[in-house]
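Novice: After the structure tokens below, expect a handful of questions from me.
Every number here is computed from the coordinates shown, using simple stated rules; none is lab data. In this text, all values refer to a predicted model and were calculated from it rather than measured experimentally. Here Cβ is always computed from backbone atoms with ideal geometry, including for glycine, and neighbour counts include all displayed protein chains.
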Amino acid sequence: MEDLSYITLAAYAGIMLCAGLIHGTLGLGFPLVATPLLALFTDVRTAILITLLPTASVNIVSILKGGRWSESIGRFWPLAAFAVVGSIVGTRFLVVSDPAPFKLLLAALVLLYLFASRVKALRMQWVSDHLGLSMLVFGLIAGLAAGTTNVMVPILVIYTLELGLQRTAMVQVFNLCFLSGKLTQIAVFGHAGMLTGTLLLSTAPLAVVAVLALFAGMMLAHRIPTETYRKVVRRVLLVLALLLVIQFFAQL
């Protein structure tokens, strides 16, 4: 981080600002927006390292501000626990692998999110009939996705849509799983020697920008129609996914 130009650092701060605003307005989306944008400048593994502290900070604040914990955290904590297991496996795989192919996987997950967000029900009756099993399956898959690409939203969106959760409960479940996965990534990267105190200090200002933008987004949430924001975010994410695909094949 200390070797980056001021222009690049300003771009990173702008990405944190954009992702924080979207997360504050919609209740989710920080890693989904920040990771593809950062991956346009660098590889996915570096993008994940840069967003570790900002994402954890945003998730903690979101959980504390969200409320109604009994409907979300009290009921769905096993989902987050299974996500931790998947995140450990996914992050370890990312540590020892070439990060280049993960741009394509990240693009696929973004496209999956765009598809899932437009489908109201995917007709998987077993999800609600066997809640424990469904939390195991979706938690592990979401954790694997988070560990390798920093994005578990598509998996969680599909799961919560099928369960028919209310928006507040959905957001709390998302942020609980995000935070669990992020703390796991921090531990795994730290054990691998890839997360240093210098990196955390370098990204601390980005975390401050992200949290301030989060609060601004929360205030905007009551003034701007959510559906308007959703439409803009979908279009931006579609463009980012296509750019990631183009970048991947251009580097072959």
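Novice: Filter segment 45-80 down to residues that are under 14 Å from Met152 (Cβ atoms) and touching a Ser or Thr at 6+ places or on another chain (Cβ under 8 Å) and give me whichever is surrounded by the most Cβ atoms within 10 Å (Cβ to Cβ).
Specialist: Ile48
Novice: Okay, next question. Condition check: closer than 24 Å to Ala107 by Cα, in contact (Cβ under 8 Å) with a residue 40 or more places away in the chain and part of a helix (DSSP H, G or I). Does Val33 satisfy that?
Specialist: In short, yes.
Novice: Among the listed residues Gly181, Gly197, which satisfies the condition of being among the small types (Gly, Ala, Ser) and touching a residue at least 12 places away in the same chain (Cβ under 8 Å)?
Specialist: On inspection, the qualifying residue turns out to be Gly181.
Novice: Being part of a helix (DSSP H, G or I), surrounded by fewer than 18 Cβ atoms within 10 Å (Cβ to Cβ) and small (Gly, Ala, Ser) is the filter here, so list the residues in segment 177-217 that pass it.
Specialist: Of everything in segment 177-217, those that are part of a helix (DSSP H, G or I), surrounded by fewer than 18 Cβ atoms within 10 Å (Cβ to Cβ) and small (Gly, Ala, Ser) turn out to be Ala187, Gly190, Gly197, Ser202, Ala204, Ala216.
Novice: Any chance you could count how many residues in segment 131-175 are closer than 17 Å to Ala56 by Cβ and surrounded by fewer than 23 Cβ atoms within 10 Å (Cβ to Cβ)?
Specialist: 1
Novice: Given the residues Ile15, Ile22, which is the only one that is more than 18 Å from Ala146 (Cα to Cα), without any contact (Cβ under 8 Å) to a residue 24 or more places away in the chain, touching a helix residue (DSSP H, G or I) at 6+ places or on another chain (Cβ under 8 Å) and surrounded by 24 or more Cβ atoms within 10 Å (Cβ to Cβ)?
Specialist: Ile15
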